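The structure appears below as structure tokens.
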Amino acid sequence: MTEARHRLAISLKAFDQCLCAQRGKPDPTVSSTVLNRTPSADEIEAAVRVWLRERRRREDNDFSTDEMGAKDVLQDIDLSLQPVATALRPGGGSQPLLTDWIADHICGERGWDLADQPTLRALLVRWVAYARLEIGRQRRDEINGEAMKVPDDRFSAARYAADRAQPEQSAPVSIIALFDGYALERKPAASTEKAWRRQLKAFVAFLGHDDATLVTTSDVIRWKDHLFAARPDGTQRSALTVKEGYLAALSTVMNWGRDNAKIAANPVAAVRVPRRRVATGCTAQRSKAMSGLGTEYARGG
């Protein structure tokens, strides 16, 4: 049944791609995460351990003590994992589709590109298979009321402790994907969404990458200086346009990413935009006088 669901999902994905191509719209099945990293073998092993731990946490919430339900779960475990174990043996054939899908999911989350790395891809798929078997063993012990054992040293407590001792590699987080998440949740006006998307794409082009985790305050300051620089036609953006337009869009999206645990901090927070006056023939003395008139008018004078 699981295999059938995944094959159906592949067919639906192909249908969506064909439909959008006919309508001239972007492919909705393509992830906005930038895939540009090649992991080490150690990173692959650690990532699969993280996936196993998170999967077990989700399954703990679905645990059933119903006897008939438990029997069905045990049967499903045996049926789904038998081909996994078979494929791990020499000449056992390819892994089931679900194993490949889990590997794709891990690559997508971490920004790994293994398209031209068949050895690393095979290592990842093999480790996902090991993890699936380990989940099955732990699940059986839990359902049968037996002590939890971890016979596979790949997933021992010592290995997890060693992973924690290593410096953590941050997975890339697309700036445009953050904006998509913000827009979906906050639903800004259509004009605001259009303008902010254009401004954020300009920032991504300026940076040369789309990874929010790599953006620094220095990057934002360079962006601010770039925005204030004279344009080819000799005009210059106002401080209001830079502050309330370009930087406001970026800061709002970064704040949303921070508040939703996508990124650690907002690199725009410390950036300040000084008041700049574009020359219009209005002297400072005249500007002050006009300000005074405005104050008197507000007072009813």
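Every number in this text was worked out from the coordinates using simple rules, so none of it is lab data. It should be emphasised that the depicted structure is a prediction, and the values quoted were computed from it without experimental measurement. Every residue, glycine as well, gets a Cβ built from its backbone with ideal geometry; the counts of neighbours run over all protein chains shown.
In nm, what is the difference between 0.36 nm times the number of residues separating ARG140 and ALA239 and their Cα-Cα distance?
Stretched fully, the ARG140-ALA239 segment lengthens by 29.3 nm.
What length, rounded to one decimal in nm, is gained on full extension from ARG231 through to LEU79, with 0.36 nm per residue of separation minus their alpha-carbon distance?
48.2 nm
Collect residues whose amide H, placed 1.01 Å from N in the peptide plane, falls under 5 Å from the amide H of SER174; neighbours closer than 5 in sequence don't count.
Result for SER174 returns VAL34, ALA212.
Compute the distance from the alpha-carbon center of the range 251-271 to that of the range 104-155, in whole Å.
If we compute the Cα centre of each part, the gap is 33 Å.
What FRET efficiency do you get for ARG272 and LEU184 if R0 is 35 Å and r is their Cβ-Cβ distance, rounded to the nearest 0.05?
On the way: r = 30 Å, r/R0 = 0.87.
E between ARG272 and LEU184, to the nearest 0.05, is 0.70.
Using a basic spin-label model with each label point 7 Å from the Cα along Cα→Cβ, how many nm lie between LEU214 and LYS71?
5.6 nm
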